[in-house]
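Quick notes on the structure that follows.
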């Protein structure tokens, strides 16, 4: 597989107007996304559910694996009343089809049930290695900053009206995955952002972006800043055991603002999984091949543009083995950066 999949020619892009016909007449449709869904996964899923209900007349259920930890994400689910059903509680015999958004079969953080026909895959991440899935509707746009942008374009193309709650969810997806158009944003993302904002609930958006945070958040953040170290243009933070795995990505985002930093790498383990987040602020650098080199075959990963993430199973590992894992990741990261002999500086 190439490291980055080029944009498909305009003539080869699947026509979104086909989607209602593909699902029309099916029993309930199972909408799937990756484990611990973020705003883009949630926004794209909500938008697709609206499309299938209104365009194809089918009932949809959004299934979730894992949990939602980040305060903004929980606020989004609560404020927008997004109906999430735990995947392991679903009787899949009642579903005639499935659709997948913001992820693809083959990713380690994604469950693809073999007993429900998968009819659509919509995503913006680089495909995993191996054969591409054979589905009636397959649309992967690696040049897009958010999957919610694709789903918004589908609703415009069919066309279908977009209620304020759906618009707000789609806007959150574009906003958070592109960092308000500052990261990996295409012209399509900018159009979606500009068109969705005026028809979204502004008060709701403010509450979602600025949720109340528990004391544990600040305690873990303080500890993370004390652990983080700067190695020239690279900042590394290995956070150990965490009550909130999303702290890994939050710390990676925050440390990218440290003066003189080109990229950051954060890691931590939670309930049998070691999480890794990579963030880049260096023109012409792609996070996907970087995270692949840093992992060197350990765990599963994904990413595009300036962000990437990974998960490594550690359920049966003892503390010394997890320390050894962190040491390997640190050594590979510093070797990749060419910063092995740079003076180390404390952040906090």
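Throughout, read-outs are computed from the coordinates displayed, never taken from laboratory work. Being a predicted model, the structure only gives us computed values, none of them experimental. We place every Cβ from the backbone using ideal geometry, glycine too, and count neighbours over all the protein chains shown.
Test of understanding: what is the full-extension gain from residue 69 to residue 182, defined as 0.36 nm times their sequence separation minus their Cα-Cα distance?
Going from the current span to full extension adds 38.3 nm.
Return the whole-Å distance between the Cα centroid of segment 249-275 and the Cα centroid of segment 218-246.
Taking the Cα centre of segment 218-246 as reference, the centre of segment 249-275 is 7 Å away.
Cut-off 10 angstrom, C-alpha nodes, Gaussian network model of the chain. Which of 85, 121, 248 fluctuates the most?
85
Just want the ordering: 250, 195, 59, from fewest to most Cβ atoms lying within 10 Å of their own Cβ.
59, 195, 250
Rounded to the nearest 5, what is the percent of antiparallel bridges among the DSSP beta bridges in the chain?
Antiparallel bridges make up about 50 percent of those DSSP assigns within the chain.
Return the Cα extents of segment 60-127 along principal axes one, two and three, sorted largest first, each rounded to a whole Å.
Projected onto the principal axes, the Cα atoms of segment 60-127 cover 33, 31, 18 Å.
So what is the relative contact order of the chain, in percent, for Cα pairs below 8 Å that sit 6 or more residues apart?
After rounding, I find 15 percent.
Between residue 321 and residue 85, what is the label-to-label distance in nm when each label sits 7 Å out along the Cα-to-Cβ direction?
In this crude spin-label approximation the distance works out to 3.7 nm.
Give me the angle, in degrees from 0 to 90, between the Cα long axis of helix 215-227 and the longest principal axis of the Cα atoms of the chain, rounded to the nearest 10.
50 degrees
Rank these for me by crowding, 148, 230, going from fewest to most other beta carbons within 10 Å.
Lowest to highest Cβ neighbour count: 230, 148.
Which percent of Cα-Cα pairs in segment 9-123 sits in each 5 Å bin, short to long?
Values per bin, smallest distances first: 2, 11, 23, 24, 20, 12, 5, 2, 0.
For the chain, set up a GNM with springs between Cα atoms under 10 Å and report which of 141, 79, 70 has the largest fluctuation.
Most flexible of the set in this elastic network: 79.
Treat the count of other C-beta atoms within 10 Å as a stand-in for reagent exposure and order 87, 176 from fewest to most.
87, 176
Over the Cα atoms of segment 215-346, each weighted equally, I'd like the Debye log10 I(q)/I(0) at q = 0.12 Å⁻¹, rounded to two decimals.
Cα-only, vacuum Debye calculation for segment 215-346: -0.40.
Gap in Å between the Cα centre of segment 58-107 and the Cα centre of segment 117-157?
Using only Cα atoms, the two centres lie 17 Å from each other.
Under 10 Å, Cα contacts only: if you run a Gaussian network model on the chain, which one of 184, 88, 73 comes out with the highest mean-square fluctuation?
88
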